[in-house]
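Peer 1: Here you go, one structure.
The values are calculated or read from the model by the stated rules, or taken from the named source; none is laboratory data. Computed from a predicted structure; not experimentally measured. Because the Cβ atoms are built from the backbone with ideal geometry, glycine has one as well, and the counts that use them run over all protein chains shown.
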Amino acid sequence: MKENRDSAIPIDNLSTVSLETLSGHAVSRLGLASQYLKEVDCVQAAFEAGINYFFSYDLSSDRLSGELKPLLTTQRDAIFIATGSESRHPDTLQQYLDQVRRSLYVSERESLHTDVIDAFFAEYLSQEDNPHEVEAMLSQLQRWKAEGCIRYVGASTHNREIALQLIEQGGWDVLMLRYNMAHRKAEEEVLPAAQAAGLPVIAFTCTRWGSLLKRHPQWHEPAPTAADCYRYALHHPAVQVALTAPATYSQLQENLTALKAPSLAIAEIERWQTYGDSVYGSGQDAFETQWL
């Protein structure tokens, strides 16, 4: 079924709970995700430009972990570290948490908090998940939070129905959700519900896996830049962070322009929605129908 593309943008009359660093500062509007990083010094450059939110699918071994460690020795309280797991098995989750905490540990000084994970996500929750396993995972993450191992309990999903269930369920501190110019159905119910619940949203796949950057044949104007895509995701009041996942230093520098760019004007929002409609098309390819 094709999405209803005429939904209104909710008015920003509600506030979400702000994600904060250990020092009490709000996280940056743009977050750096590490899965495509191929060049060194991107983490340092991102931090110097104002990014303090860093996300990795595998902090136990990837480039982000290694490049974060020098920063953690002096800037831990100013950095927000996020990761998560697709596993639903308690032992596997515990093993991963232990690996991550060991990989980030740099000092015995308690004030550094280098083995504390700011946000841990139950990743890619879907309709195939056993509700009892999800409930058990939520309890495990909440226990870690109570023990001081993590600070925020998160969930990620591509599925809007699941997202609404998570919001209604409660117990989650942050929601990571697919949201971009083409995938806007979340504007109808999910984002307003998250906003009403005070649940901050992390937007990911903001460039729709890069496809939004390739000008559609039916579009006769320039295609959006990556920065335009992040600005679109961030225009919604429920979204606190848009994740960027550059592969190179030059891509990072281009994406960083979104940090200082002004908010989108109404005409720009409408323009990019029209473009998103062209890219989305009928929405009937296999991936679009698999992830609602």
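Peer 1: Give the number of residues within the range 117-171 that are of a type in the set (Gly, Ala, Ser) and touching a strand residue (DSSP E or B) at 6+ places or on another chain (Cβ under 6 Å).
Peer 2: Selection size over the range 117-171: 6.
Conditions (1) farther than 15 Å from ALA233 by Cβ; (2) modelled with pLDDT under 95; (3) in contact with a Leu (Cβ under 6 Å, 6 or more places away or on another chain), marked per residue:
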{"residue": "LEU141", "(1), (2), (3)": "yes, no, no"}
{"residue": "TRP144", "(1), (2), (3)": "yes, no, no"}
{"residue": "ARG151", "(1), (2), (3)": "yes, no, no"}
{"residue": "GLY154", "(1), (2), (3)": "yes, no, no"}
{"residue": "TRP172", "(1), (2), (3)": "yes, no, yes"}
{"residue": "LEU175", "(1), (2), (3)": "no, no, yes"}
{"residue": "LYS185", "(1), (2), (3)": "no, yes, no"}
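Peer 1: Moving on to the next point. Given the condition buried (at least 22 other Cβ atoms within 10 Å of the Cβ), in a helix (DSSP H, G or I), in contact with an Asp or Glu (Cβ under 9 Å, 6 or more places away or on another chain) and without any contact (Cβ under 8 Å) to a residue 40 or more places away in the chain, answer yes or no: does some residue in the range 204-222 qualify?
Peer 2: No, every residue in the range 204-222 fails to be buried (at least 22 other Cβ atoms within 10 Å of the Cβ), in a helix (DSSP H, G or I), in contact with an Asp or Glu (Cβ under 9 Å, 6 or more places away or on another chain) and without any contact (Cβ under 8 Å) to a residue 40 or more places away in the chain.
Peer 1: Does the range 113-140 hold any residues that are hydrophobic (A, V, I, L, M, F, W, C), part of a helix (DSSP H, G or I) and touching a residue at least 40 places away in the same chain (Cβ under 8 Å), and which are they? Please lay out each step first, then the result.
Peer 2: Of all residues in the range 113-140, those hydrophobic (A, V, I, L, M, F, W, C) come to 116-117, 119-122, 125, 134, 136-138.
After this cut, where a residue has to be part of a helix (DSSP H, G or I) as well, the list is 134, 136-138.
Across the range 113-140, the qualifying residues are VAL134, ALA136, MET137.
Peer 1: In the range 169-196, which residues are part of a loop (DSSP other than H, G, I, E, B) and touching a residue at least 60 places away in the same chain (Cβ under 8 Å)?
Peer 2: As a first pass, look at the range 169-196 and keep what is part of a loop (DSSP other than H, G, I, E, B): 170-173, 179-184, 188-189.
Hits for the range 169-196 are ASP173, TYR179, ASN180, MET181, ALA182, HIS183, ARG184, GLU188.
Peer 1: Name the residues in the range 44-98 that are over 22 Å from VAL174 (Cα atoms), touching a residue at least 60 places away in the same chain (Cβ under 8 Å) and surrounded by fewer than 21 Cβ atoms within 10 Å (Cβ to Cβ), would you?
Peer 2: ALA45, ALA49
Peer 1: Identify the residue in the range 1-57 that is aromatic (Phe, Trp, Tyr) and assigned to a loop (DSSP other than H, G, I, E, B) and, among all such residues, is modelled with the lowest pLDDT.
Peer 2: Restricting attention to the range 1-57, the residues satisfying the condition of being aromatic (Phe, Trp, Tyr) are 36, 47, 53-55, 57.
Pick out the ones that are also assigned to a loop (DSSP other than H, G, I, E, B) and you get 36, 57.
Details: TYR36: 81, TYR57: 91.
Taking the candidates together, the pick is TYR36.
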